[in-house]
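Below is one structure, written out as structure tokens, with a few remarks after it.
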Amino acid sequence: MDARTADGRTLYVDHEEAERGSKGPFFVVYADERAERRWGYFCGNCRTFDNAMDAMGRIKCNDCANIKKADEWDAAHE
């Protein structure tokens, strides 16, 4: 599936490759049709590209607060 950003850029959402979020999946997004250049994530809950990822692998949607927990957790980081 392809989608357009607010600035008119075409991005490609891979609905087969996803990360589980608290409200819905985060689908991997590519900048090219051949899926060679990874661009970011698409929130499956509210259908937006407006999300952020931190160094621990957490993803948070800035629109609906859908959250993917960190890949690894260490109490030293808290």
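Worth a mention:
- Which label in (1) 41, 26, 23; (2) 30, 24, 18; (3) 56, 26, 14 gives the computed Cα extents along the principal axes in Å: (1)
- Accessible area per residue for the chain, computed on protein heavy atoms with a 1.4 Å probe, is 69 Å².
- Probe 1.4 Å, all protein chains present, accessible-area order of Asp32, Asp71, largest first: Asp71, Asp32
- Gain on full stretching of the segment that runs from Glu16 to Ala35 - 0.36 nm per residue minus C-alpha separation: 5.6 nm
- Build a GNM of the chain with springs between Cα atoms under 10 Å apart, and of Arg34, Arg58, Arg20 the one that fluctuates most is Arg34.
- Spin-label pair Ala70-Lys23: with each label point 7 Å from Cα along the Cα-Cβ axis, the two points sit 2.3 nm from one another.
- Nonpolar atom fraction for the chain, defined as the carbon and sulfur part of the 1.4 Å probe accessible area, stands at 44 percent.
The values are calculated or read from the model by the stated rules, or taken from the named source; none is laboratory data. Keep in mind that what you see is a predicted model, and the values were worked out from it rather than measured. All Cβ positions, even for glycine, are placed from backbone atoms using ideal geometry, and neighbour counts span all protein chains on display. Accessible surface areas use protein heavy atoms only, side chains included; no ligands, DNA or RNA. Shrake-Rupley method; radii C 1.70, N 1.55, O 1.52, S 1.80 Å.
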